[in-house]
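**Student:** Pasting a structure below so you can have a look.
The values are calculated or read from the model by the stated rules, or taken from the named source; none is laboratory data. None of these values were measured; they are calculated from a predicted model. Every residue, glycine among them, receives a Cβ derived from its backbone with ideal geometry; neighbour counts consider all protein chains shown.
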Amino acid sequence: MKKISFFPATTFMLLLILSGCVHFSFAQQKKIRVLIVSGGHGFARKPFYNIFDSIPSITYDTLVQPQANALIASPEANSYDVLVFYDMFDPISPEQQKAYISLLNKGTSMIFLHHALVSYQKWPEFIKILGGQYHTDPVIVNGDTLKANYEHDVNIPVKVEDKKHPVTRGISDFEIVDEVYGNVEILPRVKPLLSTTHPKSMRYLAWINHYGNSDVVYIQLGHGPSGYSNPNFRRLVRQAIEWSAKQSKK
């Protein structure tokens with residue numbers, strides 16, 4: 001009686017593939033669905049969208065305000081994994097406010113870039129969502145009067161505050177030519193990701209703020225082509241999207 005040897009199933013399948021007897025194709029990983037919201041502030045469209053064109057893990061749609069807020073207040077918002085805001089918009093209806101809060105309570109991922117920090121000056125809940133705000137009128141915070149300001153084309157030294165976080169992982173301290181915001185209100189509860197010592201800038205340049213069941217990401221960098229082309233900024237945006245998409249599925 002002969003002893004019969006059995007290959008493990010995985011080994012047997014591998015031998016068949018290598019011999020050409022079986023043709024096996026791995027399913028392509030499902031891409032992250034991103035909605036990019038703009039409106040209320042001009043920008044160089046082609047170099048900006050090139051950032052997202054270069055991210056192989058995503059597919060994206062674009063929408064300009066106020067159409068974007070109308071979509072966010074509709075069931076169609078649920079078809080996206082990540083919402084990226086590059087708008088600077090103010091009008092928002094009570095129904096749209098409730099829609100933002102509802103999405104965040106469900107764990108929807110939101111990323112806000114650069115001048116989105118200036119949005120919704122008359123909606124008090126927005127600063128709680130974003131974790132900070134550029135106030136267009138002076139405000140008193142902890143006894144100090146903050147009068148926000150900005151300056152273009154500044155060489156900004158950037159320090160990575162948390163090098164282990166998935167959004168900043170693999171990024172070392174760097175410099176970037178970009179726009180700075182000064183005297184901005186930042187809530188003390190935010191988790192800093194990037195900071196700067198530039199005297200005309202707010203201290204933190206990127207952070208995570210927990211709201212509802214979502215971890216909202218804010219990145220102050222990204223005013224124009226000099227920022228868009230910076231490889232550290234591009235990597236930051238990519239990793240923010242990929243991390244946020246994973247968070248929304250938990």
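**Student:** Of the conditions (1) under 23 Å from residue 141 (Cα atoms); (2) touching a His at 6+ places or on another chain (Cβ under 8 Å); (3) of a type in the set (A, V, I, L, M), residue 221 satisfies every one except a single condition; which number is it?
**Tutor:** Unmet condition: (1).
**Student:** Just one of (1) β-branched (Val, Ile, Thr); (2) part of a helix (DSSP H, G or I); (3) more than 21 Å from residue 192 (Cβ to Cβ) trips up residue 127, so point out which.
**Tutor:** (3)
**Student:** Read through the list (1) surrounded by 15 or more Cβ atoms within 10 Å (Cβ to Cβ); (2) farther than 26 Å from residue 238 by Cα; (3) modelled with pLDDT of 95 or more; (4) not charged (D, E, K, R), then give the number of the only condition that residue 146 fails.
**Tutor:** So the condition that residue 146 fails would be (3).
**Student:** Here's a follow-up. For segment 156-169, name all the residues that are surrounded by 11 or more Cβ atoms within 10 Å (Cβ to Cβ) and either of a type outside the set (Val, Ile, Thr) or over 19 Å from residue 222 (Cα atoms) (or both). Even if it seems obvious, please write down each step before you answer.
**Tutor:** Applying the first criterion (surrounded by 11 or more Cβ atoms within 10 Å (Cβ to Cβ)) to segment 156-169 yields 156-163, 165-169.
Of everything in segment 156-169, those that are surrounded by 11 or more Cβ atoms within 10 Å (Cβ to Cβ) and either of a type outside the set (Val, Ile, Thr) or over 19 Å from residue 222 (Cα atoms) (or both) turn out to be 157, 159, 161, 162, 163, 165, 166, 169.
Table: residues versus (1) of a type in the set (Gly, Ala, Ser); (2) modelled with pLDDT of 95 or more.
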site: 193; (1), (2): no, yes
site: 196; (1), (2): no, yes
site: 200; (1), (2): no, yes
site: 214; (1), (2): yes, yes
site: 229; (1), (2): yes, yes
site: 234; (1), (2): no, yes
site: 244; (1), (2): yes, yes
site: 247; (1), (2): no, no
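**Student:** Here's a follow-up. Can you pull out every residue in segment 173-201 that is in contact with a strand residue (DSSP E or B) (Cβ under 7 Å, 6 or more places away or on another chain), without any contact (Cβ under 8 Å) to a residue 24 or more places away in the chain and assigned to a loop (DSSP other than H, G, I, E, B)?
**Tutor:** Within segment 173-201, 173 is the sole residue that qualifies.
Every residue, every condition in (1) over 23 Å from residue 241 (Cα atoms); (2) among the β-branched types (Val, Ile, Thr); (3) over 20 Å from the mean Cα position of the chain (by Cα), yes or no:
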position	(1), (2), (3)
155	yes, no, yes
162	no, no, no
170	no, no, no
174	no, no, no
186	no, yes, no
191	no, no, no
197	yes, yes, yes
200	yes, no, yes
